[in-house]
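Here's the structure, in structure tokens; my notes come after.
The values are calculated or read from the model by the stated rules, or taken from the named source; none is laboratory data. Not measured: the values here are computed from a predicted model. Here the Cβ positions follow ideal geometry from the backbone for every residue, glycine too, while neighbour counts run over all protein chains shown.
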Amino acid sequence: MNPTYSCLAAMLALLVALAPAEAAEKKKKKQAPASAPAATQPAAPKAGAAQQLGQSGSWTAFEARDGAGLVCYVVGEPQKSEPAGASRKAMAMVTHRPGEKISNVVSFVEGYPIKPGSEVQIDIGGSKFDLFTKDDSAWARTAELDRMIVTSLGKAKHVTVRGTPQKGAATTDTYALAGFPKALALIDKACGVKR
């Protein structure tokens, strides 16, 4: 098995396990003002083995089961990361959890501890969005913003993600979006999400 794929699969299993905590965090964020600090995340259930649904470009679609039921997600790797040569593993994800009536949850893993209180900025074909952060990841603040971002990702050629680590230089990751619509369609079908 490809070492990069093995590393990616291990990170995906961890992210699937953290997604219920992420959803709970998002619900808290919706009820709190935008400037409220992130609450402590509850313990996540153990994730089941993920099954690959298909791959398109740099995007791979998966489905898995956990304590809350079916989870479908698409994962992308950056085409280019700056500064070059940094030892980190960045990725982008969109997740559906039909059993919890959650879909289109957008998240970006930066691969380093993000500076507390900072936001990650994404630029999708000229449309810019600020995401809240916790530890090494960033999310949209609302379900409506998640849907807007996913729609934009499906129409653009690339997304640029800028983050600020606790230590060191700011980072920029560029993801090619050519395969995103096809990979998204796979998880939509698997989890029964209509567009």
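Annotations for the structure displayed:
- Count - residues of the range 131-162 that are touching a Lys or Arg at 6+ places or on another chain (Cβ under 7 Å) and crowded, with 18+ Cβ neighbours inside 10 Å: 2
- Only listed residue being touching a His at 6+ places or on another chain (Cβ under 8 Å), surrounded by 15 or more Cβ atoms within 10 Å (Cβ to Cβ) and part of a strand (DSSP E or B), chosen from Val71, Val75, Val106: Val71
- Meets criteria (β-branched (Val, Ile, Thr), under 14 Å from the mean Cα position of the chain (by Cα) and at pLDDT below 90) for Val16: yes
- Residue match in the range 164-183 (condition: out of contact with any Asp or Glu (no Cβ under 8 Å at 6 or more places or on another chain), part of a strand (DSSP E or B) and of a type in the set (S, T, N, Q)): yes
- Filtering the range 118-130 to residues that are within 15 Å of Leu153 (Cβ to Cβ) and surrounded by fewer than 16 Cβ atoms within 10 Å (Cβ to Cβ) leaves Gly125, Gly126, Ser127, Lys128.
- Considering only residues in the range 184-195 that are in contact (Cβ under 8 Å) with a residue 24 or more places away in the chain and assigned to a loop (DSSP other than H, G, I, E, B), the one that is surrounded by the fewest Cβ atoms within 10 Å (Cβ to Cβ) turns out to be Gly192.
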